[in-house]
Structure formats: C-alpha cells, structure tokens
Amino acid sequence: MLQGFFYFQFMKKKLLLSISFFLVMIVALRWQGKSLITPQSPREIIDLEFAKTPARLHQLQLFWNRQNVLQNLYLDFLFIIAYTWFLVTVCKAVKKSKSNTFSALTISAGAFDVLENFLLIMVLNGKFSTGILQVVYYVALIKFLLIAIVVGFICLSLFGLFKKESL
C-alpha cells in the first residue's frame, strides 16, 4: 500500500512537470510561429511539413521569413522533448498492460519528428534537393499517426478499456 502511495506521488510530480513543460512549449511555438500564419499557410509550420512538392515549398517561402521558419524548427526540437516526455509520462501513469508499447511508439514519433526537422532545415539551407520533401511528407504523416495512436490509447485507458497492471 505504501509503495503504491509513493509511486503515485512520484508520478504526480512527473506528470505535473511534463505537462507544464509541454504547455510552455505550445505557447512558445504559437507565439514565435505567429508570423508563419498567412493566407497560404493557415496551419503554420504544419503546412511546411506537408509541403510535398517544390512548388508548394516555393509558395510558402514567398510569404515567410526564412529565419522565422528556421527559428520555429529549432524551437520545435524542445517541443519534441516536451511532448515525448509528457506522453510517455501519461502512458506510464495510466499503468495499463500495454503502456510500455505505447511509450515506445511515442519515442518513435519523437524520432520521426527529429528526422523531419533535420531534413527541413537541410532543405531550407540548400543542403538537400527539394525532392526530399516527399520523404518529409511521409515522415510527418507517420509521426502524426503514431501520436494519434498513443493519444487514442491514453483516452481508451482512461475509460478503462485496457487491462490495468498491478503495482
């Protein structure tokens, strides 16, 4: 019983810290990325992540300051840490039979996000051909699918649809 109490207190602190970092990073990205909202890019940097063609990239670049885009991508590395930490912490806090699997999916999503950012930075700096945008598109798609699966697991776990682990 006492072991369960200490585990709960430890998880509560980790959850509070991770959600705080996550929320701070959301606010920071929204504030820094507000200049990326244009008629051509209502979804900010997500429009770049899904810019599948060089023509779409060029269209976005007409309205964006390159430095603002790069700053947003660099800031996104901190956001990757924040959402990965938060989602892994939530997966572990629900203590369901599959939480380790879904924690691993979260880490995989973060790794795909790091790859995506790296490739976008290289394209924007002229180090890679814009043809790599097809790869970026699919990497972003996989990342978002993995995150959706993890969020689905968390939601279903909160409604008791997964078997609970014992402490």
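We did not get these values from a lab; they are worked out from the coordinates using the rules stated. Small disclaimer: the values here were computed from a predicted structure and weren't measured. Glycine also receives a Cβ, built like all others from the backbone with ideal geometry; neighbour counts cover every protein chain displayed.
Under 5 Å between amide hydrogens, which residues at least 5 positions from Thr38 or on another chain qualify, with H placed 1.01 Å from N in the peptide plane?
Glu44
Taking the chain as the region of interest, what is the percent of Cα-Cα pairs per 5 angstrom bin, listed from the shortest bin to the one with the maximum distance?
1, 9, 15, 18, 18, 12, 10, 7, 5, 3, 1, 0, 0
Under the definition of Cα pairs under 8 Å and six or more residues apart, what whole-number percent is the relative contact order of region 19-167?
About 28 percent, as a whole number.
At 222 nm, what helix-only mean residue ellipticity would the chain give, in deg cm²/dmol to the nearest 500, using -39500 (n - 2.57) for each DSSP H run of four or more?
One gets -26500 deg cm²/dmol as the mean residue ellipticity at 222 nm.
Where does helix 54-63 land angle-wise versus the long Cα axis of the chain, in degrees 0 to 90, nearest 10?
90
Nearest 10 degrees, 0 to 90: what angle lies between the long axis of helix 133-158 and the longest principal axis of the chain (Cα atoms)?
Taking Cα atoms only, the helix is inclined about 20 degrees.
Taking the chain as the reference, fit the longest principal axis to its C-alpha atoms, fit the long axis of helix 2-32 to the helix C-alpha atoms, and give the angle between the two in degrees, 0 to 90, nearest 10.
Taking the Cα atoms of the chain, the angle to 2-32 is about 20 degrees.
Taking the simple approach of a point 7 Å from Cα along Cα-to-Cβ for both Lys127 and Ile37, what is their distance in nm?
Here the answer is 3.1 nm between the modelled labels.
Once you charge only the Cβ atoms, +1 for Lys and Arg and -1 for Asp and Glu, what is the size of the charge dipole of region 2-158 about its Cα centre, to the nearest 20 debye?
460
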